[in-house]
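Below: the structure, in structure tokens.
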Amino acid sequence: MDRRLASLRPNALIALLTISAVLLIWAAPVEAESDAEGDIEGEMARQEELQRVQGEIDAELKRQEILQRSRDLSEIGRALNGSPPDDEKLEQRADPRIAPRAPVDRDLPVAIFDSEEIEVPAGTLGNSEPMVLIMRTLDADRDGHPEQVRYVDKSTGAMIRKAADRDYDGALDTWQTYAGDSLDERTLDTNNDGHIDTWEKYSAGRMTERVIDRNGNGHKDAFYTFSTGSLVEERHDRDDDGQFDLIVIYQDRLKSRGREDRSGDGQFDTWTTYAVVGGKELPAIIKRDSNGSGKVDIIETFETSSGKPVIAKREEDTNGDGTIDVTSIYRRGKLYRRELTDPALVTE
């Protein structure tokens, strides 16, 4: 058996053998008829048809050989999805506050794609004028559902847009757009519900922003901003009311300060300043608006003991006049002394 045929997957091999058998059965009586009638013109037409079919078989063999060199679909998948090398995965796993690298588009042979020229109207992809693109479709497992569709500028050869089915369930779930030669934006449907739930932006090969709909209800509720390769801010809308109720600011990939709406009334009521102790960020000062007045009325200062934050001082404005009137001093987390500055608070 031809070595090329031996390398084919079973379904492709059966299909090709079937085609060959049909051609042999069909060709035999035709040849006899041709000899009998001397129909040279008809014989030439049949030979041309045979050559056309043989050409299609040869093209399919070449296609199958290219796919076979990838060994199996999972290996193709790693190339299609642009999965980062192991060292990049380890980098992100070691510190999620490092801006992820942009996924890499593997250099796949053009021969494994089906190509079609299409015209894109102005405004479809942010283009001011109509443009001609080459749409390249890859259906590696031949199930009728493409694993990847690439849109390439015919005049420059640059990638404009790419769609991919990352989990091979038959539905496209990832869409990428490009600026120049670099990935600009990526959107994903990570839970296969048919709706985008993750929005990402990239610049210079690194992520600059990620927005997530964590509960899949159609509302964006987690926002992460990266700068110079590091996480600098995260914002959360935990109750899906359209307002942020937690914001954390980072410096050198460590928490610097944050503010939070703990009461859920739409107003921030807790402000935290962090200190780095032994490479860990720990709360140093927490300010609170305990009664929803819009003014800070409690200030707690912490010290570190055995690597944990322990309260050292608590200051309170009990009458809401903007002045601290009760100060509590703690030692090892236990109340040591209390100072009252408002005479009205002193009881006989």
| Flag if Glu233 is farther than 30 Å from Leu282 by Cβ, in contact with a strand residue (DSSP E or B) (Cβ under 6 Å, 6 or more places away or on another chain), of a type in the set (Asp, Glu) and surrounded by fewer than 17 Cβ atoms within 10 Å (Cβ to Cβ) | no
| message | Taking the criterion of being in a loop (DSSP other than H, G, I, E, B), of a type in the set (Ser, Thr, Tyr) and within 25 Å of the chain's Cα centre (by Cα), would at least one residue in the range 108-126 satisfy it? | response | yes
| note | Only unsatisfied item for Gly216, checking (1) at pLDDT 95 or above; (2) over 25 Å from Asn127 (Cβ atoms), is (1)
| field | Subset of the range 92-139 that is surrounded by 14 or more Cβ atoms within 10 Å (Cβ to Cβ) and among the charged types (D, E, K, R) - its residue that is farthest from Arg161 (Cα to Cα) | value | Arg97
| note | Pairing a residue in the range 93-107 that is under 21 Å from Ser203 (Cβ atoms) and in a loop (DSSP other than H, G, I, E, B) with any residue that is at pLDDT 85 or above and charged (D, E, K, R), where Cβ atoms lie under 6 Å and the two sit 6 or more apart in sequence or on different chains, gives Arg97/Arg253; Ala99/Arg206
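Consider Phe244 carefully, then state whether it is in a loop (DSSP other than H, G, I, E, B), under 40 Å from the mean Cα position of the chain (by Cα) and modelled with pLDDT of 95 or more.
Spelling it out, Phe244 is indeed in a loop (DSSP other than H, G, I, E, B), under 40 Å from the mean Cα position of the chain (by Cα) and modelled with pLDDT of 95 or more.
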| field | Matching residues in the range 217-240 - criterion: being of a type outside the set (A, V, I, L, M, F, W, C) and outside any loop (DSSP other than H, G, I, E, B) | value | Tyr224, Thr225, Ser227, Ser230, Glu233, Glu234, Arg235, His236
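Filter the strands (runs of 3 or more DSSP E) completely within the range 270-348 down to those with at least 1 residues that are of a type in the set (Gly, Ala, Ser) and under 40 Å from the mean Cα position of the chain (by Cα).
270-277, 280-288
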| query | Within the range 266-273, is even one residue in contact with a strand residue (DSSP E or B) (Cβ under 7 Å, 6 or more places away or on another chain) and at positive phi? | reply | no
| Selection count where residues are free of Cβ contacts under 8 Å to residues at least 40 places away in the same chain, aromatic (Phe, Trp, Tyr) and more than 19 Å from Tyr274 (Cβ to Cβ), scope the range 202-253 | 1
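The values are calculated or read from the model by the stated rules, or taken from the named source; none is laboratory data. Please read these numbers as outputs of a predicted model, since none were measured by experiment. A quick note on method: Cβ atoms are made from the backbone with ideal geometry, for glycine too, and the neighbour counts reach across all protein chains shown.
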